[in-house]
Amino acid sequence: MILNKTIEQWQNEFPQLGDMMEYRETLWLNDNQAAADSVLPELILSEDDILSAEARLKRFAPYIAHVFPETADSAGIIESPLTELTRIQESFKEIVGKKINGSFYLKEDNKLPISGSVKARGGIYEVLAFAESLALAAGLITEDDDYKKFAGPDFKNHFSQYSLVCGSTGNLGLSIGIMGAELGFKVLIHMSDDAKQWKKDMLRSKGVTVVEHSDDYSKAVEQGRADSLKDAKSYFIDDENSKTLFLGYAVAAIRLKAQLQEQNIAVDKNHPLNVYLPCGVGGGPGGIAFGLKVVFGDNVNCYFAEPTHSPCMTLGMMTDYHDKISVQDFGIDNVTAADGLAVGRASGFVGQLLAKLISGSYTVSDENLFKMLAVMYDEENIKLEPSSLAGVIGPAATHSKGTHLAWSTGGDMVPEEVYKEYYLKGKNLI
Ligand SMILES: *Cc1c(COP(=O)(O)O)cnc(C)c1O
């Protein structure tokens, strides 16, 4: 029994559940989607919240450019390229048996500076927001000052009294660890012991404490939250519930709008934009989807993309039970090479916020992730980590019409020898 219903009752109520329990690729379309302008005013977050997050990132831009020289070209704005895919179409057809109609773009968060994944949006933003609040409270800065000051010894000294804590399957830890250590914070990351070794090594090399847990990711997060609550100078970054993290991700929509305009890509009633977002706990893709609905309204359709072994958001949204149920409740094992998406229970906050905005959610097999990884390199010369490919299958998975945009969410930090293994695995499967 799960929440007083037998598996059979669940399956009768939700026809896709049987396929999901057998790890078959599944598409769920949202019957409850409603017009953006009727839904958005009812929500707990608004356009103003996104604009204020964007303004905070602008205040920090001179500091970011100063301490991370790789962002100097963009004047300290952490942003990724929007790339048109032109050669992958043929191989795509061979692998998934369907042609892509319409232009196909990749939003390359794999190339985000500083930490090489989508987490450089939310994770770094939340660390900056916390540092700013401490500096304002201590009278070290005003909002009109030059934020380059954050690099000074008095700031580092002040921040060194505080610790940042989070639970992470890998990439969130990298973003928070790199940014937190640079500002002078102590950083403690709880990880499941199956997290990628190179991610743990990289964090430790930056002076971050990594605690490994033999249980899964949710247990690691619980542990982090409990420890952090005991200590007033410890700040827990909660990727299931944090609105700050969510808003950091949402800023992506404003940036994407400018890039689409620059490249003369129309988004309107006659040219709908379909966006495919790899989804773990939901904060990253949910924040981006929320931002996109604010910016483009009903002219954008957003879909979550998950591994067949970790379909927590699909399960939560389809049933409307969100974080009340986990994939493990249904015998789904949450074992996938897509470590950024290996989450068994979705964020309830994100699922509920997007209940009437998201167009749907689909699942992809690990096999298809690896195949797409190999052709993405062969055809487009782009190196992605497995999680990052979940969106790429979107045009076939959803049968959408219009312009397609897959969000690639990570890849740049993967060591060469690890990438080679991924690539060969994909090649062997094709
Ligand atoms: C974390 C992550 C995601 C998904 O973000 P969530 O906030 O967990 O949903 C997608 N891709 C990669 C590479 C990630 O690291």
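None of the figures in this text is laboratory data; all of them are computed from the coordinates on show. Predicted, not measured: the structure shown is a model, and the values here were computed from it. For neighbour counting, all protein chains shown are included, and Cβ atoms are generated from backbone atoms with ideal geometry for every residue, glycine included.
Note on region 61-131: Kirkwood hydrodynamic radius from all Cα pairs is 14.2 Å, rounded to one decimal. Pairwise Cα distances in region 120-243 exceed 18 Å in 50 percent of cases. If R0 equals 35 Å, the separation of the Cβ atoms of Thr209 and Ala75 corresponds to a calculated FRET efficiency of about 0.60. Applying the Karplus relation 6.51 cos²θ - 1.76 cosθ + 1.60 with θ = phi - 60° to region 367-373 yields 3J(HN,Hα) values of 4, 5, 4, 5, 4, 5, 4 Hz, where x marks Gly and Pro. Here the relative contact order of the chain, from alpha carbon pairs under 8 Å that lie six or more residues apart, stands at 21 percent. Each listed q (0.07, 0.10, 0.13, 0.14 Å⁻¹) maps to a log10 I(q)/I(0) for the chain from the Debye sum over equal C-alpha point scatterers, namely -0.31, -0.65, -1.14, -1.33. The amide H of Val364, built 1.01 Å from its N in the peptide plane, has Glu306, Thr308 as neighbours under 5 Å, considering only residues 5 or more places off or on other chains. The lysine pair tally for region 120-243, using Cα distances under 18 Å and a gap of 8 or more places or different chains, is 13. Taking θ as phi - 60° and the Karplus parameters 6.51, -1.76 and 1.60, the scalar couplings of region 352-364 work out to 5, 4, 9, 3, 10, 10, 6, 7, x, 8, 9, 10, 10 Hz in sequence order, x denoting glycine and proline. Cα extents for region 1-113 along the principal axes, largest to smallest and rounded to whole angstrom: 58, 43, 29.
Rounded to the nearest whole Hz, the Karplus-based 3J(HN,Hα) values (6.51 cos²θ - 1.76 cosθ + 1.60, θ = phi - 60°) of region 237-248 follow the sequence 9, 9, 6, 8, 10, 6, 6, 5, 3, 4, 6, x, with x at glycine and proline.
From least to most packed, judged by other beta carbons within 10 angstrom and beginning with the fewest, Asp268, Asp194 follow the order Asp268, Asp194. Taking 7 Å steps out from each Cα toward its Cβ at Lys156 and Glu222 produces label points 3.9 nm apart.
Each of Leu353, Leu51 was scored by other Cβ atoms within 10 Å of its Cβ. Arranged with the fewest first, they read Leu51, Leu353. Taking GluC sites (Glu not before Pro) across region 368-430, none is in a DSSP loop with at most 16 further Cβ atoms lying within 10 angstrom of its Cβ. The per residue volume of the convex hull around the alpha-carbon atoms of region 296-374 is 96 Å³. Principal semi-axes of the equivalent ellipsoid, √(5λ) from the alpha carbon gyration tensor of region 313-430, are 27, 17, 12 Å from largest down. Amide H contacts under 5 Å for Tyr105: Leu85, His404, Leu405, Ala406, restricted to partners 5 or more places along the chain or on a different chain, H placed in the peptide plane at 1.01 Å from N.
Between Glu94 and Gln352, the contour length at 0.36 nm per residue exceeds the alpha carbon distance by 89.2 nm. Residues Trp407, Trp10, Trp28, arranged from fewest to most other Cβ atoms within 10 angstrom of their Cβ, appear as Trp10, Trp28, Trp407. When the chain is treated as a Gaussian network with alpha carbon springs shorter than 10 Å, the biggest mean-square fluctuation among Arg59, Arg121, Arg345 belongs to Arg59.
Only Cα pairs under 8 Å and 6+ residues apart enter the sum, and on that basis the relative contact order of region 1-143 stands at 14 percent. Within region 168-200, which residues have the backbone N less than 13 Å from the label spot 7 Å out from Glu417 along Cα→beta-carbon, could you tell me? Under 13 Å, as judged by backbone N against the label point of Glu417, lie 197-198 of region 168-200.
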